[in-house]
1. For labels at MET252 and ALA61 in the simple 7 Å Cα→Cβ model, what's the distance in nm?
2. Carbon-plus-sulfur fraction of the accessible area of the chain, 1.4 Å probe, in percent?
3. Could you order the peptides 123-135, 240-252 from most to least packed, using the average number of other C-beta atoms within 10 Å per residue?
4. Given that compact globular proteins tend to follow 2.2 N^0.38 Å, what is the ratio of the alpha-carbon Rg of the range 116-282 to that value?
5. Suppose each label sits 7 Å from its Cα in the direction of the beta carbon; what would the PHE204-THR41 distance come out to in nanometres?
6. Taking the chain as a Gaussian network, Cα atoms linked when under 10 Å apart, which of LEU236, LEU29, LEU174 shows the biggest mean-square fluctuation?
7. Specify the inter-centroid distance of the range 222-282 and the range 144-176, based on alpha-carbon positions, in whole Å.
8. Quick check: residue separation of ILE82 and SER269 times 0.36 nm, minus the Cα distance between them. What number comes out in nm?
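The values are calculated or read from the model by the stated rules, or taken from the named source; none is laboratory data. Only a predicted model underlies this, so the values are computations on that prediction, with no experimental measurement involved. Every residue, glycine as well, gets a Cβ built from its backbone with ideal geometry; the counts of neighbours run over all protein chains shown. The accessibility values were calculated without ligands, DNA or RNA, using every heavy atom of the protein model including side chains. Shrake-Rupley method; radii C 1.70, N 1.55, O 1.52, S 1.80 Å.
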Amino acid sequence: MNKMTPILDPDREFINKWEMYKLLTLHSLKNIEIPETRLFTKDSLASMLTDYPLVYIKSIATWGGKDISTVHKNGSFFEWTIQGKEALTFKNFEETYKQIDQFYHDKITIIQRGIPAIRYNGRPFDIRSHLYREMDGSWIYAGDLIRIGGEGSLVSNIGISNGSVKPTDELIALLFPNQNHHFTKDILKNVSLEICKMLDKFHFFTEVGLDFALDQNGNLWIIEVNTDDLKGCPDLELFSLLPDQSVYERIMNQKAKIYDNWIQFMIHSFDDYLKEKAKEQD
Ligand SMILES: Nc1ncnc2c1ncn2[C@@H]1O[C@H](COP(=O)(O)OP(=O)(O)O)[C@@H](O)[C@H]1O
Ligand SMILES: [Mg+2]
């Protein structure tokens, strides 16, 4: 592992959305679809809108669903919608590009194909899985849940959209009443673990939260990989919003134990250091 790999942002120590996309595509991860993503330029916007009827536009370093927008090609019209705002319709591509470019002018931005994701009650949802690192360095799968965006939202981040959370099993049963889908918890777990192990080659993260969409066959599509960084970490409080509090309590208890063990470890290491010093002075 090389801590100084250039993909890591030097100020925040995180891997931005564009670098993360490149990492994900470089490693042949199984059982996961990765939506095509490009850096935002006039040419890439034109070409993505030729290939896909819907694209998502987002800055590479924001979070919480902030400043996300979509462009939907509707016949010869382009509909541009910023999260939380009314859609704007443009008659030509030039004007569409100009407006979007102005909005994101000071940020590095990506365009991502709209995932052919299923919705719940007409709302976007995603599966969030959370993993954390044990003292021995291994990854623990803490759990997963479903975040459902509020009415009219483009995103499933619950804060910005006034959304809600549900247990994964409950929503899967509602989405696929005939059980005709490929999704299993094991696939979700294995894919999540594989991504954490892939990240281990680049940086020593301790918390990872993954956002997935589901298509109509129940295949997983990766939307985003969130990690701990110098500014914060993927939100575990989401789990406290589930009807069953036991998942949240278990995670918090396990994490408290790891934290205690670290403190003990540091105290002992310091003790040993003092003893060594004393010996040297004898
Ligand atoms: N390519 C996409 N296709 C479909 N939905 C998307 C796409 N990108 C983002 N979304 C929706 O927007 C939400 C926020 O996007 P994300 O990339 O996770 O940004 P943030 O860092 O702000 O959370 C996702 O959870 C999902 O609901
Ligand atoms: Mg996200």
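1. 3.3 nm
2. On the way: 7850 of 15260 Å².
That fraction is 51 percent.
3. Packing order, densest peptide first, comes out as 123-135, 240-252.
4. Normalised by 2.2 N^0.38 Å, the Cα Rg of the range 116-282 equals 1.29.
5. Here the answer is 3.8 nm between the modelled labels.
6. Looking only at LEU236, LEU29, LEU174, the biggest GNM fluctuation is shown by LEU174.
7. Comparing the Cα centres of the range 222-282 and the range 144-176, I get a distance of 29 Å.
8. Taking 0.36 nm per residue and subtracting the Cα distance, the gain is 62.1 nm.
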